[in-house]
1. Within the stretch 99-115, how many residues turn out to be among the small types (G, A, S) and either open to solvent by less than 60 Å² (accessible area, probe 1.4 Å) or under 21 Å from I34 (Cα atoms) (or both)?
2. Looking only at strands (runs of 3 or more DSSP E) that fall completely inside the stretch 1-88, which ones have 1 or more residues that are open to solvent by 50 Å² or more (accessible area, probe 1.4 Å) and more than 22 Å from G109 (Cβ to Cβ)?
3. For Q81, all conditions in the list (1) under 12 Å from the mean Cα position of the chain (by Cα); (2) of a type outside the set (K, R); (3) at pLDDT 95 or above; (4) on the phi < 0 side of the Ramachandran plot hold save one; what is the number of the exception?
4. Look through the stretch 116-126, keep the residues that are open to solvent by 20 Å² or more (accessible area, probe 1.4 Å) and in a loop (DSSP other than H, G, I, E, B), and return whichever of them is nearest to I9 (Cα to Cα).
5. Would you mention how many residues in the stretch 89-98 are assigned to a helix (DSSP H, G or I) and open to solvent by less than 60 Å² (accessible area, probe 1.4 Å)?
Amino acid sequence: MKTITGDLIQLALEGVFEVIVHGCNCYGTMGAGIAKGIKKHFPEAYEADLKTEKGAKDKLGTFSFANIEDKNLIVVNAYTQYHWRGTGRKVDYEAVRAVFKQIKKQFEGKKIAYPAIGSGLAGGDWNIIATIIREELEGEDHTFVLYQS
């Protein structure tokens with residue numbers, strides 16, 4: 001796992017990565033955190049999210065994605081938390097593991113990047129999440145982008 005500082009969305013727009021992954025809830029909102037920026041800059045990713053069943057618990061640990069043709073980019077909506085309301089940890093660590101296992105299979109050999117999925121608004125422990133991602137993406141070219149504007 002490489003770590004860099006910067007703006008994941010801007011780096012994706014500049015063509016630095018082939019796949020970017022962000023954590024989503026299962027309700028198709030994309031109203032806060034990096035998801036809000038994804039929705040604004042990559043509306044195709046939001047449209048892919050809306051094609052899934054709103055509030056379906058079986059989405060947890062899966063993903064939807066959009067090909068952004070003009071950017072040669074794939075944006076992955078990783079369903080790592082069921083809801084966004086309330087206090088406490090909302091990220092599901094097993095969902096993180098399941099989704100990154102699938103991402104490795106589907107996007108093997110591509111340059112993958114992600115923010116601190118599940119550790120901001122979702123209340124998870126980044127050390128736990130980073131360990132899961134590192135284990136599941138072992139052997140892949142993947143980068144954690146620590147947000148800095």
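1. Taking the stretch 99-115 first, the residues among the small types (G, A, S) are 109, 113.
Restricting the remaining residues to those that are either open to solvent by less than 60 Å² (accessible area, probe 1.4 Å) or under 21 Å from I34 (Cα atoms) (or both) gives 113.
Total satisfying the criteria: 1.
2. Details: elements: 2-6, 19-24, 63-68, 73-79.
Where strands (runs of 3 or more DSSP E) fall fully within the stretch 1-88 and carry at least 1 residues being open to solvent by 50 Å² or more (accessible area, probe 1.4 Å) and more than 22 Å from G109 (Cβ to Cβ), they are 2-6.
3. (3)
4. Taking the stretch 116-126 first, the residues open to solvent by 20 Å² or more (accessible area, probe 1.4 Å) are 116, 119-121, 123, 125-126.
Filter once more, so that each one left must be in a loop (DSSP other than H, G, I, E, B): 116, 119-121, 123, 125.
Working: A116: 13, S119: 18, G120: 17, L121: 18, G123: 22, D125: 23 Å.
Among those residues, the one meeting the criterion is A116.
5. Going residue by residue through the stretch 89-98, those that are assigned to a helix (DSSP H, G or I) are 93-98.
Okay, now just the ones that are also open to solvent by less than 60 Å² (accessible area, probe 1.4 Å), so 93, 95-96, 98.
Count: 4.
The values are calculated or read from the model by the stated rules, or taken from the named source; none is laboratory data. The model shown is predicted, which means the values in this text are computed figures rather than measured ones. We place every Cβ from the backbone using ideal geometry, glycine too, and count neighbours over all the protein chains shown. Protein only, heavy atoms only, side chains kept; ligands, DNA and RNA dropped before computing areas. Shrake-Rupley method; radii C 1.70, N 1.55, O 1.52, S 1.80 Å.
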